[in-house]
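Right, one structure below, let's go through it.
The values are calculated or read from the model by the stated rules, or taken from the named source; none is laboratory data. In this text the structure is predicted, and so the values were computed from the model without any measurement. Heads up, the Cβs are rebuilt from the backbone with ideal geometry, glycines too, and the neighbour counts pull from every protein chain shown. Remember, those area values only see protein heavy atoms, side chains included, never the ligands or the DNA or RNA. Shrake-Rupley method; radii C 1.70, N 1.55, O 1.52, S 1.80 Å.
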Amino acid sequence: MPIRGMLTFMGAENPFDEAKFVIVGVPFDRTTTYRSGTRFAPTAIRETTWNFENNNFEHGVTMDDIPVHDAGDLFEEGTVDEMVESVYEEANKIVSAGKFPIFMGGEHSITPPVVRAFRDISVITIDAHFDYRDSYQGLKNSHGCAHRRIVDHVGVGNAFAFGIRSMSAEEDANSGLYADAFRIHKEGCEKVFEEMLSKLKRKPVYLSLDIDGIDPAYAPGTGTPEPFGLTPWDVRYIINRLADRLVGFDVVEVSPPYDNGNTSVLAARMIREVIAVKWKAMKGKK
Ligand code: MN
Ligand code: MN
């Protein structure tokens with residue numbers, strides 16, 4: 001069971017039963033390899049949301065119109081395997097209730113158990129790193145294996161990683177789908193994204209945003225920064241392009257101790273973007 005803190009995500013004070021969107025924080029960073037601190041992200045992201053207007057004028061929706069529930073944080077003092085199981089249970093509760101889950105890491109190891117709560121979906125991860133090792137430092141549930149664990153669940157033809165610019169030879173030799181940042185820069189985000197999207201066999205898409213997929217100039221507050229990244233506009237394009245196909249979202253790897261404040265704001269703004277475009281798509285179907 002998540003624990004409700006003092007501060008909620010702005011506009012997310014609706015009861016669980018009435019909500020279409022459910023936000024959960026997972027302040028877990030135990031497998032982080034370089035510099036830790038993502039456990040502080042859910043609180044930092046929530047704090048920044050109070051800086052925004054509750055109106056998304058460009059989408060014609062306000063947060064007041066949208067039923068969002070902030071469930072609080074999953075309090076996890078155990079091992080990574082215990083964290084994974086409690087995230088799975090929580091995600092399962094949200095998905096079986098027909099609601100749209102939004103998870104805030106913590107590190108990327110929180111994503112595979114959220115994905116496991118779904119059947120017959122595709123998954124797109126935005127990341128500087130492929131996260132495609134079978135295990136890392138003896139851990140199958142390391143944040144360096146996130147995309148690999150996702151592919152274990154959905155199958156190799158139903159997932160791709162986008163924005164990659166760091167991978168080991170071992171990961172490159174495996175058969176996973178990815179689009180690297182060098183090609184995206186050369187050919188353009190929209191063109192490469194369309195090409196990758198056409199490879200996916202299943203229409204519903206879960207999107208996982210590892211914040212280090214965005215260039216460290218825009219998102220310095222992260223554990224493993226990697227130059228030559230995507231821009232916030234690229235990620236905004238992807239969210240809007242997917243819109244009605246989206247079934248769930250997470251943002252991971254924000255590390256407040258290394259932030260100047262802008263990374264938490266960017267993460268919060270991407271969550272707001274997902275809620276706005278998905279809500280518009282839900283309303284259009286009614
Ligand atoms: Mn990652
Ligand atoms: Mn990464």
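Could you give the size of the charge dipole of the chain about its Cα centre, using +1 on the Cβ of each K and R and -1 on the Cβ of each D and E, expressed in debye and rounded to the nearest 20?
940
How big, in percent, is the set of alpha carbon pairs in segment 16-282 lying more than 33 Å apart? Write out the running numbers ahead of the final one.
Details: 3589 of 35511 pairs.
Percent of Cα pairs beyond 33 Å in segment 16-282: 10.
Could you list the residues of segment 93-124 with an amide nitrogen less than 15 Å from a label point located 7 Å from the Cα of residue 52 in the Cα-to-C-beta direction?
102-104
Name the residue farthest towards the positive end of the dipole of segment 16-282 from the options 95, 223, 156, assuming +1 on Cβ of Lys and Arg, -1 on Cβ of Asp and Glu, about the Cα centre.
156
How much length, in nm to one decimal, is gained on full extension between residue 135 and residue 81, taken as 0.36 nm per residue of separation minus their Cα-Cα distance?
18.1 nm
Using amide H atoms built in the peptide plane, which far-off residues or other-chain residues are under 5 Å from residue 246 H to H?
Long-range HN contacts for residue 246: 205.
Students often get this wrong: which residues of segment 172-193 have the backbone nitrogen under 11 Å from the point 7 angstrom along Cα-to-C-beta of residue 228?
Counting only backbone N, you get 180-186.
Once you keep just the Cα pairs under 8 angstrom separated by 6 or more residues, what percentage relative contact order results for segment 16-282? Intermediate results must be reported in sequence, preceding the final value.
Numbers: 578 pairs, mean separation 60.8, N = 267.
Computed value for segment 16-282: 23 percent relative contact order.
Considering only protein heavy atoms and a 1.4 Å probe, what is the carbon-and-sulfur percentage of the accessible area of segment 131-285?
52
Using the crude model of +1 on Lys and Arg Cβ and -1 on Asp and Glu Cβ, and no other charge, please compute the dipole size for segment 118-221 relative to its Cα centre, in debye to 20.
380
By how many nm would the segment from residue 187 to residue 13 lengthen if fully extended, with 0.36 nm per residue of separation less the alpha-carbon distance?
Working: separation 174, 0.36 × 174 = 62.64 nm, distance 4.24 nm.
Gain on extension, residue 187 to residue 13, equals 58.4 nm.
Along the charge dipole of the chain, pointing to its positive end and built from +1/-1 on Cβ of Lys, Arg, Asp and Glu, which listed residue (246, 8, 51) has its Cα farthest out?
Most positive-ward Cα: 246.
May I ask you to compute the full-extension gain from residue 156 to residue 3, defined as 0.36 nm times their residue separation minus their alpha-carbon distance, rounded to one decimal in nm?
Details: separation 153, 0.36 × 153 = 55.08 nm, distance 3.54 nm.
Difference between extended and current length: 51.5 nm.
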